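Visitor: I have a structure I would like to understand better, so I am pasting it below and will then ask my questions one at a time.
The values are calculated or read from the model by the stated rules, or taken from the named source; none is laboratory data. It should be emphasised that the depicted structure is a prediction, and the values quoted were computed from it without experimental measurement. Backbone-built Cβ (ideal geometry, glycine too); neighbour counts: all protein chains shown.
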2 protein chains.
Amino acid sequence: MTSRVSVLGIGNAIVDVLARVDDQLLADIGAEKRSMTLIDEQRAIEVYQKMGPAVEMSGGSVANTIAGLASLGARAAFIGRVANDQLGRIFTHDLQSLGVDVRLPPLDGLASTARSHILITPDGQRTMQTYLGACAELGVDEVNERTIGDPEVVLLEGYAWDIDQGPELAREAMKVAEHTGSVVAISLSDARCVERHRDAFLDATARHAGMVFANETEIISLFDTKSFDEAVDRASDFDALFVLTRTEKGCVVVDGSDIIVQEAYPVDVVTDATGAGDAHTAAFLYQRAAGGSLKECAVFASRCATAVISQVGGRLDEHALKHLPEP
Amino acid sequence: MTSRVSVLGIGNAIVDVLARVDDQLLADIGAEKRSMTLIDEQRAIEVYQKMGPAVEMSGGSVANTIAGLASLGARAAFIGRVANDQLGRIFTHDLQSLGVDVRLPPLDGLASTARSHILITPDGQRTMQTYLGACAELGVDEVNERTIGDPEVVLLEGYAWDIDQGPELAREAMKVAEHTGSVVAISLSDARCVERHRDAFLDATARHAGMVFANETEIISLFDTKSFDEAVDRASDFDALFVLTRTEKGCVVVDGSDIIVQEAYPVDVVTDATGAGDAHTAAFLYQRAAGGSLKECAVFASRCATAVISQVGGRLDEHALKHLPEP
């Protein structure tokens with residue numbers, strides 16, 4: 001048992017504002033289903049006014065993964081910015097109460113804490129309208145050897161590149177990781193995000209990343225290929241391990257020429273797809289740190305993703321862990 | 001179709017902070033299961049620190065009932081105080097987005113918006129630790145003919161008597177209701193609350209109330225009887241209609257010498273008992289306004305309460321209404 005932090009995540013610190021909506025609302029606000037759109041504060045107010053009653057809970061892609069790791073019992077840490085407002089204190093509490101080492105406290109004088117309006121349609125799919133607020137004010141100065149420490153894995157989300165100093169702080173984080181011998185893991189966030197930062201992601205994948213987490217559309221976007229199979233071929237050429245999720249088609253793990261295919265577990269009802277990928281990443285990293293084979297990691301990750309899909313809310317929590325499908 | 005508001009509720013404007021906990025946590029904080037305890041801000045911070053990750057959603061007993069009425073399609077209005085902070089704006093949004101006429105806007109310069117820490121044990125029961133904050137600053141000046149209008153029913157919760165000017169503003173509300181010909185309905189909140197205000201509640205029941213909503217322990221406490229049957233006997237002596245819930249034993253409606261007994265609907269899993277009584281009240285009032293017989297009201301109320309028990313969260317919302325048990 002080491003005292004080293006297993007995974008430190010760097011990403012957007014966001015409170016989710018979840019509401020069930022009908023498809024018409026997506027049309028009304030001009031949102032494409034399953035997209036994540038960055039919006040400004042004025043637009044956030046407009047979208048919120050069109051939404052019905054909502055439920056608030058801590059979210060953020062890497063933050064979800066870090067919370068999931070902590071729920072599984074791993075030592076985990078997080079770097080992300082929240083304002084010292086009610087939602088920022090809620091976000092911080094929710095991670096700290098799981099034992100996550102939150103490296104940056106809520107700060108006065110920022111824009112308000114980030115909110116992602118998550119619109120859940122009757123098919124269980126989620127469409128996100130995200131106001132970055134305070135978390136866009138994360139600066140490169142806050143990412144250094146002191147705040148990162150020497151975790152086994154430094155996990156960066158693609159969305160981190162969207163904030164002003166994002167590309168710079170990502171480079172700094174990868175530099176620190178190299179010094180401390182931490183594995184760099186990158187989660188590609190979404191296909192549009194990959195389009196925005198393709199060159200930076202390709203460079204990070206080639207030169208820094210030990211692991212890349214992506215879904216089908218993200219990996220196709222990264223390599224700009226026509227098919228998933230072609231993207232898998234491209235992934236084989238890299239040193240990094242690729243964990244590629246394909247929703248109901250399961251996942252594919254690519255480790256050079258080794259390719260492991262894992263079926264998805266059946267889901268009775270897709271209640272809310274929010275966070276399924278984040279839970280998959282958490283479980284995969286957890287099992288990997290515990291010395292699991294790639295196949296074992298893929299099985300456990302799929303089970304955990306299934307449990308999260310069957311509940312409202314994006315985190316792999318104690319409740320979801322009690323409702324894992326049989327392996 | 002009248003343009004008159006069907007029900008105006010006056011009560012505490014509270015955001016629920018819900019978390020699943022084990023029984024040990026109740027012991028650690030010295031809370032009795034299923035109790036509602038009023039706590040100060042310092043204690044609220046301590047309780048919150050001991051809780052795991054939570055979900056935030058609008059609550060409050062009468063506010064839940066008003067939201068339920070609006071979800072059912074009734075014209076409903078609400079008087080309660082929130083601060084102009086994030087939680088206060090969330091509370092207000094959640095009611096307004098259902099079409100509820102929120103009579104008081106969020107206000108600057110108050111204590112923070114009220115929070116009820118709702119601790120859900122594995123048996124689905126909820127124990128509440130409530131910090132009243134801003135809602136304790138509701139004043140008698142804010143309850144008058146202008147803010148109340150002329151609804152068909154003015155619904156007061158027992159908890160309203162707990163706030164500083166509560167007894168006085170309740171009297172004022174009942175006086176206004178008499179002027180405008182509104183029926184006064186009182187929901188007794190909890191047995192401890194009845195102990196705190198028994199004389200005032202008995203007086204209101206005898207002199208003002210057209211309807212009294214209570215559960216078994218509350219009505220026994222109100223009349224200080226040894227048994228539920230004895231309490232039903234006492235209720236028969238009043239002009240008011242009594243709607244008395246008994247969890248798995250269903251409910252009893254007492255209208256003078258007429259007594260209607262309604263069985264409960266079977267519940268597969270008690271997910272979260274929060275708000276079951278509030279939903280029962282909403283459905284009963286809705287059906288009554290629609291001209292339903294007392295039996296019809298009792299059936300519909302029981303179905304709606306069952307739907308709320310089977311989900312996390314205390315409001316009879318669109319989702320719960322889609323999952324009503326067959327009558």
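Visitor: Residues that are closer than 30 Å to B:Ala111 by Cα and modelled with pLDDT of 95 or more, at least 2 per element: which strands (runs of 3 or more DSSP E) completely within region A:86-166 meet that?
Guide: The qualifying strands (runs of 3 or more DSSP E) are A:114-120, A:126-131.
Visitor: Residue by residue through region A:177-195, note down the ones that are of a type in the set (A, V, I, L, M), modelled with pLDDT of 95 or more and either more than 13 Å from A:Ile10 (Cα to Cα) or within 17 Å of the chain's Cα centre (by Cα) (or both).
Guide: A:Val183, A:Val184, A:Ala185, A:Ile186, A:Leu188, A:Val194
Visitor: For the list (1) among the polar types (S, T, N, Q); (2) out of contact with any Asp or Glu (no Cβ under 8 Å at 6 or more places or on another chain); (3) more than 13 Å from chain A (Cβ to nearest Cβ), I need the number of the one condition that B:Asn12 fails.
Guide: Status for B:Asn12: all satisfied but (2).
Visitor: Identify all residues within region B:83-104 that are surrounded by 24 or more Cβ atoms within 10 Å (Cβ to Cβ) and of a type outside the set (Gly, Ala, Ser); write none if there are none.
Guide: Scanning region B:83-104 gives B:Gln86, B:Leu87, B:Ile90, B:Phe91, B:Asp94, B:Leu95, B:Val100.
Visitor: Shifting gears a bit: Does A:Ile220 count as over 20 Å from the mean Cα position of the chain (by Cα) and more than 23 Å from A:Ala76 (Cβ to Cβ)?
Guide: It is false that A:Ile220 is over 20 Å from the mean Cα position of the chain (by Cα) and more than 23 Å from A:Ala76 (Cβ to Cβ).
Visitor: Filter region A:47-65 for residues that are polar (S, T, N, Q), more than 8 Å from every other protein chain (Cβ to nearest Cβ) and either in contact with a strand residue (DSSP E or B) (Cβ under 7 Å, 6 or more places away or on another chain) or farther than 30 Å from A:Ile186 by Cβ (or both) and give the result.
Guide: A:Ser61, A:Thr65
Visitor: In region B:6-20, what count of residues is obtained for those that are more than 17 Å from B:Glu157 (Cα to Cα) and surrounded by fewer than 23 Cβ atoms within 10 Å (Cβ to Cβ)?
Guide: Number satisfying all stated conditions: 2.
Visitor: Go through region B:262-318 and give me each residue that's hydroxyl-bearing (Ser, Thr, Tyr) and touching a strand residue (DSSP E or B) at 6+ places or on another chain (Cβ under 7 Å).
Guide: If the condition is that a residue be hydroxyl-bearing (Ser, Thr, Tyr) and touching a strand residue (DSSP E or B) at 6+ places or on another chain (Cβ under 7 Å), then B:Thr274, B:Thr281, B:Ser302 are the ones that fit.
Visitor: For A:Leu202, work out the one condition from (1) buried (at least 20 other Cβ atoms within 10 Å of the Cβ); (2) assigned to a helix (DSSP H, G or I) it doesn't fulfil.
Guide: Here A:Leu202 meets the rest and fails (1).
Visitor: Return yes or no: is B:Glu32 farther than 16 Å from B:Ser189 by Cα, of a type in the set (Asp, Glu) and in a loop (DSSP other than H, G, I, E, B)?
Guide: Judged against the criteria, B:Glu32 is a match.
Here is a yes/no grid of residues against (1) modelled with pLDDT of 95 or more; (2) in contact with a Gly (Cβ under 7 Å, 6 or more places away or on another chain); (3) basic (Lys, Arg):
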| position | (1), (2), (3) |
| --- | --- |
| B:Leu244 | yes, no, no |
| B:Thr247 | no, no, no |
| B:Glu263 | no, yes, no |
| B:Val270 | no, yes, no |
| B:Gly277 | no, no, no |
| B:Thr281 | yes, no, no |
| B:Arg288 | yes, no, yes |
| B:Gly292 | yes, no, no |
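Visitor: Also, I was wondering about something else. Could you figure out which of (1) within 14 Å of another protein chain (Cβ to nearest Cβ); (2) more than 19 Å from the chain's Cα centre (by Cα); (3) more than 25 Å from B:Gln165 (Cβ to Cβ) isn't true of B:Ser3?
Guide: Result: B:Ser3 passes all but (1).
Visitor: State yes or no: is A:Gly80 of a type outside the set (Lys, Arg), within 13 Å of chain B (Cβ to nearest Cβ) and crowded, with 19+ Cβ neighbours inside 10 Å?
Guide: Spelling it out, it is not the case that A:Gly80 is of a type outside the set (Lys, Arg), within 13 Å of chain B (Cβ to nearest Cβ) and crowded, with 19+ Cβ neighbours inside 10 Å.
Visitor: Return only the number of the condition from (1) touching a Lys or Arg at 6+ places or on another chain (Cβ under 7 Å); (2) more than 14 Å from chain A (Cβ to nearest Cβ) that B:Thr37 does not satisfy.
Guide: Tallying (1) touching a Lys or Arg at 6+ places or on another chain (Cβ under 7 Å); (2) more than 14 Å from chain A (Cβ to nearest Cβ), B:Thr37 fails exactly one: (1).
Visitor: Here is a follow-up. When the residues of region B:58-85 are filtered to those that are touching a residue at least 60 places away in the same chain (Cβ under 8 Å) and part of a strand (DSSP E or B), which remaining residue is farthest from B:Val100 (Cα to Cα)?
Guide: My answer is B:Ser58.
Visitor: Still on this structure: Would you call A:Asp229 away from chain B (no Cβ under 14 Å), surrounded by fewer than 16 Cβ atoms within 10 Å (Cβ to Cβ), acidic (Asp, Glu) and not in a loop (DSSP other than H, G, I, E, B)?
Guide: For A:Asp229, the condition - away from chain B (no Cβ under 14 Å), surrounded by fewer than 16 Cβ atoms within 10 Å (Cβ to Cβ), acidic (Asp, Glu) and not in a loop (DSSP other than H, G, I, E, B) - is met.
Visitor: Working carefully through the options A:Ile219, A:Ile186, find the one that is assigned to a strand (DSSP E or B) and without any contact (Cβ under 8 Å) to a residue 40 or more places away in the chain.
Guide: A:Ile186
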